[in-house]
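Any read-out appearing in this document is the output of simple, stated calculations on the displayed coordinates, not a laboratory observation. Note that the structure is predicted; figures quoted are calculated from it, not measured. Cβ sites come from the backbone with ideal geometry, for glycine too, and all protein chains shown count toward neighbours.
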Amino acid sequence: MFRIERVEALSSNIYLMDVYAPRIAKNALPGQFLIVRVDEEGERIPLTICDYDAEAGTVQIVFQTVGAESYRMAQLKKGDCFADFVGPLGRPSDLCEMPLEELRKMKLCFIAGGVGTAPVYAQLKWLKNQGVTADCIQGARSKDILIMEDDMAAVSNLYICTDDGSYGINGNVCVALQKLYDEGKRYDRVIAIGPMIMMKFVCQLTEKLEIPTIVSMNPIMVDGTGMCGACRLMVGGEVKFACVDGPEFDGHKVDFPQAMQRMALYKTEEGRLYLEAKEGATHHGGCGNCN
Ligand code: NAD
Ligand code: FES
C-alpha cells in the first residue's frame, strides 16, 4: 500500500498529492509516468510524474477530475493509501541522455498547457539542477485555473498566457510563442506538453518556424502497460505505442488527426470493436509473448 503524505487542491478540479513510494522516488527521471489504482477494483490511471524526492521517498502527482475514477482519487485524504502505485514507466526525456556540455548550450522552450504543467515542472527542475534554466510558456484558459505558478517561476524563465487575457500574455500558447519569436527569441527545441489539440497546433507553428519539437502522448494512454492497444499511434509512418515507445515523440512526425480520432473511438465499446475489426486485436506485446 502507498500512503498519501499530502493533498492540495490546486484549483476546483485539479489536485496535487505526495505519495510515499521510495523505490519510484529513487529511480524516476523526468518524462516518465506511473500507474495508480485506488483499490483492487479500481481502474488503472496513467499519470506523468510531476516531482520526486529520493531522500523523503515521495513522488508527486497532479491530476484533474475528468471521470468517476479520478473523482474517487480526489476523495482520498492524507494518510489514505493507493492499492497500486507502479513505476517509473516509459522512457525518460532524451534531454536526460544528452552530454551536459551540449545540453547547456541548447536554447530550450517548454510549453505547458493546463494540467500538462505538472510534467513540465519535473523536466524544468531536473534541468535547473544541471545548471540549465529554460524558457517556459505556461498557458491556462483563465487566471483562476492557473496552477503551480511560483514553482514554475523558480525553475524557468516563465511566460504566462491566458486564453481570456485575465493574466499574462493575452492568447493561447501559440500566440505567446509567436510573440516571443517576433521579439527575436530563437530556440533549438520546443517541448510541448498539454492537451492533444494544443500539441497539434504548437507543432503546426513550430514546423513553420523550423524548431524541432517534442510532444508527450500521455493523453492517449489507458492501461499504460502495452497491453490494451489504446495508445497506438503513427510516428513518421511507423506504428508506435505511447506507453512503451514513448511517451515523448518527435511532434512533427506524429499523425495527430489519426491519434485524436483513435482516442475518441477508444472511449466507446462500439469504437473499440471498430478499431479491432480494422486493425486486428493489436497490442504492443508488452507481455513479451508476441509483437
Ligand atoms: P486546457 O483546455 O485548459 O488548455 C490549456 C492551454 O492549452 C490553453 O490555455 C491554451 O493555451 C492551450 N491550448 C488549448 N487548445 C489550444 C489550441 N487549439 N491551440 C493552441 N493552444 C491551445 O487544458 P486542461 O483542461 O488543463 O488540460 C487537460 C488536458 O491535458 C487533458 O486532455 C490531459 O489529457 C492533458 N494532459 C496532457 C499531458 C501530456 O503528457 N501531454 C499531461 C497532463 C495532462
Ligand atoms: Fe495500453 Fe499503451 S496504454 S497499450
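Of Val202, Val66, Val244, Val175, the sequence from fewest to most neighbouring Cβ atoms within 10 angstrom is Val66, Val175, Val244, Val202. Once backbone amide H atoms are built at 1.01 Å from N, Arg189 has Lys107, Cys109 as its partners under 5 Å, excluding neighbours fewer than 5 places away on the same chain.
Please state the relative contact order of the range 90-203 as a whole percent: Cα pairs under 8 Å, 6+ residues apart?
Relative contact order, the range 90-203: 31 percent.
Out of every Cα-Cα pair that the chain contains, those further apart than 24 angstrom amount to 51 percent. Using a cutoff of 8 angstrom between alpha carbon atoms and counting only pairs six or more residues apart, the relative contact order for the range 162-289 works out to 20 percent.
Treating cross-link reach as a plain straight distance, find the lysines whose alpha-carbon is under 24 Å from the alpha-carbon of Lys208, omitting any fewer than eight places away in the same chain. Reachable lysines: Lys105, Lys107, Lys179, Lys185, Lys200, Lys253. Here the range 47-181 yields Rg over Rh of 1.00, to two decimals, using C-alpha coordinates and the Kirkwood radius. Direction-averaged projected area, Cα convex hull, the range 180-245: 5.0 nm², rounded to one decimal.
Taken along its three principal axes, the alpha carbon spread of the range 212-281 comes to 37, 22, 17 Å, from the longest extent down to the shortest. List Phe63, Phe201 from most exposed to least, where exposure is judged by having the fewest other Cβ atoms within 10 Å. Ordered by Cβ neighbours within 10 Å, fewest first: Phe201, Phe63.
For the range 1-91, what does the alpha-carbon gyration tensor say about shape, rounded, prolate or oblate, given a ≥ b ≥ c as the root eigenvalues, a/c under 1.5 as rounded, and a/b over b/c as prolate? Rounded. A Cβ-based charge dipole, computed about the Cα centre of the chain with Lys and Arg at +1 and Asp and Glu at -1, lands at about 280 debye.
Its relative contact order, with pairs defined as Cα atoms under 8 Å and 6+ residues apart, puts the chain at 15 percent.
Estimated purely from DSSP H runs of n ≥ 4, each contributing -39500 (n - 2.57), the mean residue ellipticity at 222 nm for the chain is -8500 deg cm²/dmol once divided by its residues.
Of the residues Gly237, Gly87, Gly42, which exhibits the maximal mean-square fluctuation in a Gaussian network model of the chain defined by a 10 Å Cα contact cut-off? Among Gly237, Gly87, Gly42, the largest mean-square fluctuation in the Gaussian network model of the chain belongs to Gly237.
For Thr58, nonlocal amide neighbours, meaning residues 5 or more places apart or on other chains whose placed amide H falls under 5 Å from its own, are Ala21, Asp53. All Cα-Cα separations within the range 127-213 were binned at 10 Å from zero, giving a P(r) of 17, 50, 31, 2, each value a whole percent of the pairs. Using a Gaussian network model of the chain in which every pair of alpha carbons under 10 angstrom is joined by a spring, one finds that among Cys231, Cys81, Cys50 the greatest mean-square fluctuation is at Cys81. Backbone phi angles across the range 59-66, fed through the Karplus curve with coefficients 6.51, -1.76 and 1.60 (θ = phi - 60°), yield HN-Hα couplings of 10, 9, 10, 10, 9, 10, 7, 10 Hz in residue order; Gly and Pro are listed as x.
Ranking of Leu275, Leu177, Leu127, Leu265 by neighbouring Cβ atoms within 10 Å, starting from the fewest: Leu265, Leu275, Leu127, Leu177.
Remark on Asp223: its backbone amide H falls under 5 Å from those of Cys228, Ala230, a criterion applied only to residues 5 or more positions apart or on other chains, H modelled at 1.01 Å from N. Backbone geometry of the range 190-199 corresponds, through the Karplus equation with coefficients 6.51, -1.76 and 1.60 at θ = phi - 60°, to 3J(HN,Hα) couplings of 10, 10, 10, 9, x, x, 3, 4, 5, 5 Hz, x marking Gly and Pro. I want to verify a result. In a Gaussian network model of the chain, Cα cutoff 10 Å, which of these has the top mean-square fluctuation: Pro30, Pro99, Pro195? Taking springs between Cα atoms under 10 Å, the residue moving most is Pro99. Sparse packing (at most 13 other Cβ atoms within 10 Å of the Cβ) combined with a DSSP loop state is found for the following trypsin sites (Lys or Arg not before Pro) in the range 20-87: Lys77, Lys78.
Apply the Karplus curve 6.51 cos²θ - 1.76 cosθ + 1.60, θ = phi - 60°, to the phi angles in the range 222-237 and return the couplings in whole Hz, x for Gly and Pro. Rounded to whole hertz, the list is 10, 8, x, 10, x, 9, 8, x, 4, 8, 5, 8, 9, 10, x, x.
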